[in-house]
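I have placed the structure first, in the form of structure tokens, so that the comments after it can refer back to it.
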Amino acid sequence: MHRYAKGALALVLTLSTSAALAQAYGGIATGSRGSQHWRDPVSGVSVGPSERKSPVIAHAGWRIDEHWAVEAGHARLMDADFAHDGRSSSAESGASYVAARWRRPLSESVAWYAKAGVARNTLEVTETGNATEKAHKVRPMAALGVEYAFTPHVAATAEVASYGKVATRRSHMSHSLLQLGLRFDY
């Protein structure tokens, strides 16, 4: 291959990659904790968490055009500890999702958006004595949000999202939450 042809090929590949990256975005969010319940195995009493951590959601997407995008993400939704009558349990739950996103600008800086897709919800509960229960469920997911662009590449987001529910014999997690985050457009 002639050296000019190699240079032209390298230039085309670089521009193609840059154009593809120009359509990409990623983000991170945190938010409310949804609802969690644990049923004490001896008394049968249902209790809420005694301690829990805030969720963390990370996502990445690719804009198809001005309005449509495809997005995937993973959420560490609820790490919670439960205690009742000297017995304790800890739960870890999360969701991975794939969704279509539709965005509608309201002004140069503000837009609203909706997402619809599927999420795989997971739950792992460890009880006193290291007994473990695990469950997963594929559920529809949906979100409605608003974004404010600080710059062409950075936007603040606020959204109400429902990833679904998952349950074991004695634990139930509902993954619906209000989340605040940042999105970075490339």
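The values are calculated or read from the model by the stated rules, or taken from the named source; none is laboratory data. Please read all numbers here as calculations on a predicted model, not as lab measurements. We place every Cβ from the backbone using ideal geometry, glycine too, and count neighbours over all the protein chains shown. Calculation scope for accessible area: heavy atoms of the full protein, side chains included, ligands and nucleic acids excluded. Shrake-Rupley method; radii C 1.70, N 1.55, O 1.52, S 1.80 Å.
Numerical summary
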item	result
Förster radius 22 Å - calculated FRET efficiency between A131 and S46 (Cβ-Cβ, nearest 0.05)	0.75
Label point at R104 placed 7 Å out along Cα→Cβ; residues across the stretch 52-72 whose backbone nitrogen lies under 18 Å	65-69
Extension gain from A83 to W112, taking 0.36 nm per residue of separation minus the Cα-Cα distance	6.3 nm
Value of D in µm² per second that Stokes-Einstein yields for the stretch 85-131, Kirkwood Rh from Cα pairs, at 4 °C (1.567 mPa s)	91
Solvent-accessible heavy-atom area per residue, rounded to whole Å², over the stretch 99-186 at 1.4 Å	54
